[in-house]
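Novice: Have a look at this one.
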Amino acid sequence: MSTAATPKLSELARAAPPYLDGLNPEQRKAVETLDGPVLMLAGAGTGKTRALTTRLAHILATQRAYPSQILAVTFTNKAAREMRERVGALIGAGVEGLPWLGTFHSVGAQILRKRAELVGLESNFTILDTDDQLRLMKQIVQAEELDEKRWTARHLASLIDRWKNRAWTPDDVPEGESYAFADGKGAHLYRIYQQRLSTLNCVDFGDLLLLNVRVLRENPDVLDEYHRKFRYILVDEYQDTNTAQYLWLRLLAQGSNNICVVGDDDQSIYGWRGAEVDNILRFEKDFPGATVIRLERNYRSTGHILGAASGLIATNKTRLGKTLWTDGEEGEKVEVRGVWDGEEEARAVASAIENWNSKGRKLTDVAVLVRASWQMRAFEERFLQMGIPHKVVGGPRFYERQEIRDAHAYLRLVRAPDDDLAFERIVNTPKRGVGDTSVRKIAEAARRANMSLSAAAGLLLETDEIKGPARAGLKSLLADLENWRGAAATMRHDELAEKVLDESGYSAMWKADKSAQAQGRLENLKELIRAMGEYGSLEAYLEHVALVTELDQVTSDDEVWLMTLHAAKGLEFPLVFLPGWEETVFPSQRSLDENGAAGLEEERRLAYVGLTRARERAVILFAANRQIYGRWQSVLPSRFVDELPSEHATVASATGYGASAEPTFAAVTEAGDPFRSTYESPGWKRFQAAQAKGLRTPPVIEGDGRVIASENQDARVTVGARVFHQKFGYGQVLQVDGAKLIVDFEHTGRKKVLDSFVETH
């Protein structure tokens, strides 16, 4: 398109088209800077979507490009639809002609269908869904005669997806990475998988970008064609791009060099699914002479919330730097509240929500944002008990989750051998070789003999009707069930549940699963066992679950939002609760163990995202104790609590453990010791009294204050002593303050711990 008649920006400024009205100076600069690469560094709540869509509208309105000459990519179909609708509202006609506005994968599929023959495909190729992908991988694992229980198809799928996100073909996979599966066969299986896809004329989602990169790299004429086609490139949420997406964009942008990316390095929280925060950090290096425009004026949150969030994220070293501000009200300081345990945490949040609602505020204006899904159970149950309508976003409610239903099915079958629904659910979970054919034979035998499936299975084992792996699997399962029923007479029901999950192979199944969801499922199973300990018997627990599930059917238009921090990105609420700010919970110990300093910075970015979801009030909670398998474990407040600026955060008074406890939590910032409030609570004083009686481990404290424990406490630890901690390893004691120690651990650095958690060496 000729640009001779294109108005100059100075003329456009004088004309002031209506769609520019209301933009602040930085937003307007982002809209009007059309030549060359642009990085729009947009903080939370700064109107980046408006700036991006107005920029697209401005390109069209000023006739800088035809609609077909603009490539605009987002991460979700919802975001693409919103962009199209907003541009249409700004300039009206012509928006239907934006053929290259869509998600990375949808645009990638368009290009690949036009050039499929260059990578050995036909243009009508099929895009496999996850189930078909897993089925194909299972066939490959079986054909290679690998142990399917140890080397699962799901694990292989997760690895190959990761490799494709990194733009690795089978030939690119490093030897060390290949050893992540089947003792070095990972790359070999990846190659077989790609060959099978090609034979079937299929691709998976990872191929839509991987094969695009290959087409553009290997065919300069094709790359040149797309350079001429795309005069402008716009990218949303650039901080979430993976390596394959990054390479694809760089190749396409080499033509006009008119690429505008919008993102926030402080909100890069998807490293676990392949996102590379370095992509946005090195934009200026990748595109020399780029214009960097910082959107820092926030239209969402109060001054104190922004101040707390900005102070927290400033601790990160790998960031481009910006400071959010508002000309609105300062509002209330971020509230930090310490509680005795997770149950009190749920009670405190529920009471605060009731108080909010009693003042005429809507429940739908409230969100509870947790780091891990296992934290939701206590809140779900408390909300149900108090009749607070709520909805779980981004997944099923706790008792509806697959792993919880499976565990319940095992326990129901232990209690009631004739529970056919439970038998059907777990007979081949984990895999025991009992396929659909065998299950049909059992069902037919049960109908003929008018007996339960479990009894019919036992009857069939006395015949030759079921043979091979199915016979062995059924025999083992029925023997295990009899063993568990015998153990139920003498064993605590929560201990029995742990025994069932271990001996059935169910826990091992999820431990072997290397998908992103597997660790969360294991954490949910741990929370299930912890929750069972609150009830006197297995029957009482299962009855409670049935009643809770029944209550769960009631829905309302006005509901509290309950979700993980990851699911909350892009949303906003007047009131936000952020529970579980404790070391090992948040930041996640797994993230620290697997990714070190980079993992810590991503966890801090996640905390920043959580805080910036709040418009009016943000409440952070941490517990002094978490109960694991019926025993109390003392936990320390998150380091993120320490990093909140005192001028923007305040520590609220809270009750200790038990209904009669008085408010005793002091202001953390005034005391200068972030743990002082924990150690002054009535519950903690009871804990110290228990230690004085010779208890070595944290005691189990009943609701009436009774202490149940055993074991004698070792002699008091002294400065200079060499100690061992179950989690942190070996270290040397640097400082002793009552029960608190500062220890310099050999592999994990300096940490505050309790003397009851270390052994002297």
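Novice: Within segment 570-595, track down each residue that is at pLDDT 95 or above and surrounded by fewer than 18 Cβ atoms within 10 Å (Cβ to Cβ).
Specialist: GLU572, PRO574
Novice: Also, I was wondering about something else. From the list GLY394, GLY433, GLY458, pick out the single residue that is in contact (Cβ under 8 Å) with a residue 12 or more places away in the chain and touching a strand residue (DSSP E or B) at 6+ places or on another chain (Cβ under 9 Å).
Specialist: Matching residue, one of GLY394, GLY433, GLY458: GLY394.
Novice: Can you work out which of the residues in segment 91-146 that are among the small types (Gly, Ala, Ser) and more than 30 Å from the chain's Cα centre (by Cα) is farthest from GLU237 (Cα to Cα)?
Specialist: Out of the qualifying residues, it is ALA143.
Novice: In segment 243-258, what residues are open to solvent by 20 Å² or more (accessible area, probe 1.4 Å), within 17 Å of LEU209 (Cβ to Cβ) and touching an Asp or Glu at 6+ places or on another chain (Cβ under 8 Å)?
Specialist: THR243, ARG250
Novice: Determine which single condition ARG84 fails, assuming it passes every other condition in (1) in contact (Cβ under 8 Å) with a residue 24 or more places away in the chain; (2) within 22 Å of ARG231 (Cβ to Cβ); (3) touching a strand residue (DSSP E or B) at 6+ places or on another chain (Cβ under 7 Å).
Specialist: In the conditions (1) in contact (Cβ under 8 Å) with a residue 24 or more places away in the chain; (2) within 22 Å of ARG231 (Cβ to Cβ); (3) touching a strand residue (DSSP E or B) at 6+ places or on another chain (Cβ under 7 Å), ARG84 misses (1) alone.
Novice: May I ask you to list the residues in segment 292-319 that are of a type in the set (Ser, Thr, Tyr) and touching a helix residue (DSSP H, G or I) at 6+ places or on another chain (Cβ under 8 Å)?
Specialist: SER301, THR315, THR318 - these are the residues of segment 292-319 that are of a type in the set (Ser, Thr, Tyr) and touching a helix residue (DSSP H, G or I) at 6+ places or on another chain (Cβ under 8 Å).
Novice: Moving on. Select from segment 584-600 the residues that are among the hydrophobic types (A, V, I, L, M, F, W, C) and not in a helix (DSSP H, G or I) and write down the one among them that is nearest to ASP642 (Cα to Cα).
Specialist: If we take residues in segment 584-600 being among the hydrophobic types (A, V, I, L, M, F, W, C) and not in a helix (DSSP H, G or I), then PHE586 is nearest to ASP642 (Cα to Cα).
Novice: While we're on this one: ALA598 passes all but one of (1) touching a Ser or Thr at 6+ places or on another chain (Cβ under 9 Å); (2) crowded, with 24+ Cβ neighbours inside 10 Å; (3) small (Gly, Ala, Ser); which number fails?
Specialist: Result: ALA598 passes all but (2).
Novice: Restricting attention to segment 545-569, and to residues there that are over 21 Å from ASP406 (Cα atoms) and charged (D, E, K, R), which single residue is modelled with the lowest pLDDT?
Specialist: ASP557
Novice: Right, something else. Among (1) surrounded by fewer than 18 Cβ atoms within 10 Å (Cβ to Cβ); (2) without any contact (Cβ under 8 Å) to a residue 40 or more places away in the chain; (3) under 25 Å from ASN298 (Cα atoms); (4) of a type outside the set (A, V, I, L, M), there is one condition ASN77 misses while meeting the rest; what is its number?
Specialist: (3)
Novice: Another one. Is it the case that some residue within segment 37-48 is open to solvent by less than 70 Å² (accessible area, probe 1.4 Å), farther than 24 Å from GLN254 by Cβ, hydroxyl-bearing (Ser, Thr, Tyr) and at pLDDT below 90?
Specialist: Checking segment 37-48: not a single residue is open to solvent by less than 70 Å² (accessible area, probe 1.4 Å), farther than 24 Å from GLN254 by Cβ, hydroxyl-bearing (Ser, Thr, Tyr) and at pLDDT below 90.
Novice: Specify which of the listed residues (GLY255, GLY303, GLY311) is touching a His at 6+ places or on another chain (Cβ under 7 Å) and at pLDDT 95 or above.
Specialist: Result: GLY311 is the single residue among GLY255, GLY303, GLY311 that is touching a His at 6+ places or on another chain (Cβ under 7 Å) and at pLDDT 95 or above.
Novice: GLY505 - would you say it is on the phi > 0 side of the Ramachandran plot and either of a type in the set (Asp, Glu) or touching a residue at least 60 places away in the same chain (Cβ under 8 Å) (or both)?
Specialist: yes
Let's see how each residue does on (1) open to solvent by 30 Å² or more (accessible area, probe 1.4 Å); (2) under 18 Å from GLU237 (Cα atoms):
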| residue | (1), (2) |
| --- | --- |
| GLN267 | no, yes |
| ASP286 | no, yes |
| ALA290 | no, yes |
| GLU296 | yes, yes |
| ASN316 | no, no |
| LYS322 | no, yes |
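Novice: Would you call GLU85 at pLDDT below 95, of a type in the set (Asp, Glu) and within 25 Å of ASN257 (Cα to Cα)?
Specialist: The answer is no for GLU85.
Novice: Scan (1) under 22 Å from ALA275 (Cα atoms); (2) free of Cβ contacts under 8 Å to residues at least 40 places away in the same chain for the single condition ALA72 breaks and write down its number.
Specialist: The failed condition is (2).
Novice: Here's another thing I want to ask about it. Within the set of pairs 6 or more residues apart or between chains, which connect a residue that is closer than 26 Å to GLN375 by Cβ inside segment 326-346 to a residue that is open to solvent by 40 Å² or more (accessible area, probe 1.4 Å) and of a type in the set (Lys, Arg) with Cβ atoms less than 9 Å apart?
Specialist: These pairs meet every condition: GLU332/ARG617; VAL334/ARG617; GLU335/ARG617; VAL339/ARG347; GLU343/ARG382; GLU345/ARG337; ALA346/ARG382.
Novice: Scan VAL733, VAL719 and give me the residue that is at pLDDT 85 or above and in a loop (DSSP other than H, G, I, E, B).
Specialist: VAL719
Novice: Out of the helices (runs of 4 or more DSSP H) lying entirely within segment 124-223, which hold 2 or more residues that are within 20 Å of TYR246 (Cβ to Cβ) and open to solvent by less than 80 Å² (accessible area, probe 1.4 Å)?
Specialist: Output list reads 153-165, 205-218.
Novice: Something else about it: Considering only segment 271-282, state which residues are surrounded by 22 or more Cβ atoms within 10 Å (Cβ to Cβ) and either touching a residue at least 60 places away in the same chain (Cβ under 8 Å) or closer than 22 Å to GLU616 by Cβ (or both).
Specialist: Of everything in segment 271-282, those that are surrounded by 22 or more Cβ atoms within 10 Å (Cβ to Cβ) and either touching a residue at least 60 places away in the same chain (Cβ under 8 Å) or closer than 22 Å to GLU616 by Cβ (or both) turn out to be VAL277, ILE280.
Novice: Here is a list of conditions, (1) surrounded by fewer than 17 Cβ atoms within 10 Å (Cβ to Cβ); (2) farther than 29 Å from ARG521 by Cβ; (3) in contact with a Ser or Thr (Cβ under 7 Å, 6 or more places away or on another chain), and ARG447 meets all of them except one; can you say which number that is?
Specialist: Among (1) surrounded by fewer than 17 Cβ atoms within 10 Å (Cβ to Cβ); (2) farther than 29 Å from ARG521 by Cβ; (3) in contact with a Ser or Thr (Cβ under 7 Å, 6 or more places away or on another chain), the lone unmet condition for ARG447 is (3).
Novice: Please indicate, with yes or no, whether at least one residue in segment 345-364 is small (Gly, Ala, Ser), farther than 30 Å from VAL545 by Cβ and in a loop (DSSP other than H, G, I, E, B).
Specialist: Checked segment 345-364: at least one residue is small (Gly, Ala, Ser), farther than 30 Å from VAL545 by Cβ and in a loop (DSSP other than H, G, I, E, B).
Novice: Could you tell me whether any residue of segment 417-424 is assigned to a helix (DSSP H, G or I), open to solvent by 40 Å² or more (accessible area, probe 1.4 Å) and more than 30 Å from TRP151 (Cβ to Cβ)?
Specialist: Checked segment 417-424: at least one residue is assigned to a helix (DSSP H, G or I), open to solvent by 40 Å² or more (accessible area, probe 1.4 Å) and more than 30 Å from TRP151 (Cβ to Cβ).
Novice: Look through SER507, SER476 and report the one residue that is under 20 Å from TYR399 (Cβ atoms), in a helix (DSSP H, G or I) and among the hydroxyl-bearing types (Ser, Thr, Tyr).
Specialist: SER507
Novice: Considering segment 224-264 alone, what residues qualify as being over 24 Å from ILE293 (Cβ atoms) and part of a loop (DSSP other than H, G, I, E, B)?
Specialist: ASN242, the sole residue that qualifies.
Novice: Out of all the residues in segment 225-246, which are of a type in the set (D, E, K, R), touching a residue at least 12 places away in the same chain (Cβ under 8 Å) and over 20 Å from MET83 (Cα atoms)?
Specialist: Residues satisfying the conditions are ARG228, LYS229.
Novice: Separate question: Kindly establish whether SER515 is of a type outside the set (Val, Ile, Thr) and open to solvent by less than 30 Å² (accessible area, probe 1.4 Å).
Specialist: When the stated conditions are applied, SER515 passes them.
Novice: I'd like to check something: does segment 381-400 contain any residue that is touching a Lys or Arg at 6+ places or on another chain (Cβ under 6 Å), closer than 29 Å to ASP436 by Cβ and surrounded by fewer than 21 Cβ atoms within 10 Å (Cβ to Cβ)?
Specialist: no
The values are calculated or read from the model by the stated rules, or taken from the named source; none is laboratory data. Bear in mind the structure is a predicted one, so any value in this text is a computation, not a measurement. Cβ atoms come from the backbone with ideal geometry, glycine included; neighbour counts cover every protein chain shown. Heads up: the accessible areas ignore ligands, DNA and RNA and are worked out on the full protein's heavy atoms, side chains in. Shrake-Rupley method; radii C 1.70, N 1.55, O 1.52, S 1.80 Å.
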